[in-house]
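Working notes, beginning with the structure itself.
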Amino acid sequence: MSSRTFNAYGVWAIYRFEMARFGRTLLQSVLTPVITTSLYFVVFGAAIGARMEEIGGVPYGAFIVPGLIMLTLFTESIFNASFGIYFPKFTGTIYELLSAPVSPLETVLGYVGAATTKSAILGLIILATSALFVPIRILHPVWMAAFLLLTAASFSLFGFIIGIWAKNFEQLQLIPMLVVTPLTFLGGAFYSIAVLPPAWQTVSLFNPVVYLISGFRWSFYGSSDVGVVPSLAFTLGFLLICLLLVGWIFKTGYRLKN
């Protein structure tokens with residue numbers, strides 16, 4: 001008996017369905033990050049940035065751009081992926097998906113692939129919006145694209161896990177609001193941890209978001225709080241952990257079959 005072939009049509013069907021949902025709210029999905037980014041530049045870039053010195057030779061307005069993009073990637077990747085898989089659980093259509101000739105790998109590729117695509121698009125929109133306010137240079141564009149996609153994929157997987165774990169809409173927002181967002185603001189998104197007292201610099205190194213933002217910022221300006229190798233290693237490690245968790249979920253049926 002021949003082994004089962006890869007169901008590319010099933011992956012494409014899930015991916016297309018999720019992207020269609022993004023298309024139905026395209027104006028809201030695009031307008032919200034543009035307005036939010038503009039407000040950040042008005043408050044941080046103009047009001048505060050004008051009173052701050054350059055950080056590592058980079059004007060403050062330009063310095064916060066990678067942090068703004070990462071903040072959006074974190075929140076949008078988690079939201080898109082978690083809602084994408086939670087809604088079928090909520091409506092009961094998850095059983096149709098589980099009984100369909102679509103493997104766990106194909107299911108994850110469809111949902112996470114769509115969430116990654118949407119987050120990457122929004123990240124590029126924020127980059128383009130930022131360029132209207134401050135001059136931006138990208139010293140390592142290939143590394144920038146790699147960190148962008150790896151981060152979007154990692155947090156989309158993380159959001160997929162949250163969507164399966166959550167029992168209600170309140171739990172769906174619990175980890176992003178109470179864990180991810182505070183870690184992002186404390187992870188050097190809008191400042192360099194080098195300006196902190198030595199003790200707090202050490203504490204900041206235990207914040208995983210520091211490594212993600214530092215690696216992404218390095219791809220822009222060639223300097224960061226943490227070396228690019230540790231940043232890349234942590235990003236890949238987080239991706240691997242999420243893959244292992246998703247594999248365990250489908251193997252055990254955790255909160256999928258009950």
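None of the figures in this text is laboratory data; all of them are computed from the coordinates on show. Here the structure is a predicted model, which means the values were calculated and not measured. Counting neighbours? That spans all protein chains shown, and the Cβs are built from the backbone with ideal geometry, glycine included.
Just a few scattered comments:
- Flag for A194 being in a helix (DSSP H, G or I), closer than 18 Å to Y60 by Cα and more than 16 Å from the chain's Cα centre (by Cα): yes
- Every residue from the stretch 173-212 that is hydroxyl-bearing (S, T, Y) and either in contact (Cβ under 8 Å) with a residue 40 or more places away in the chain or surrounded by 15 or more Cβ atoms within 10 Å (Cβ to Cβ) (or both): T181, T184, Y191, S192, S204, Y211
- Within the stretch 14-34, the set of residues being over 17 Å from A120 (Cβ atoms) and surrounded by 15 or more Cβ atoms within 10 Å (Cβ to Cβ) comprises just one member, I14.
- Scanning the stretch 91-123 for residues that are touching a helix residue (DSSP H, G or I) at 6+ places or on another chain (Cβ under 8 Å) and hydrophobic (A, V, I, L, M, F, W, C) returns I94, L97, A100, V102, V108, L109, V112, A114, A115, A120, L122.
- Beta carbons closer than 8 Å, at least 6 apart along the sequence or on distinct chains, pair a first residue in the stretch 220-234 that is under 17 Å from T202 (Cβ atoms) with a second that is part of a loop (DSSP other than H, G, I, E, B) for D225/G188; D225/S192; V226/L205.
- Looking at the stretch 39-152, the helices (runs of 4 or more DSSP H) lying wholly inside it that each contain 1 or more residues that are under 24 Å from the mean Cα position of the chain (by Cα) and closer than 28 Å to V228 by Cβ sit at 60-63, 65-91, 104-131.
- Once the stretch 79-89 is narrowed to residues that are in contact with a helix residue (DSSP H, G or I) (Cβ under 8 Å, 6 or more places away or on another chain) and either of a type in the set (F, W, Y) or surrounded by fewer than 19 Cβ atoms within 10 Å (Cβ to Cβ) (or both), the residue that is nearest to P33 (Cα to Cα) is F79.
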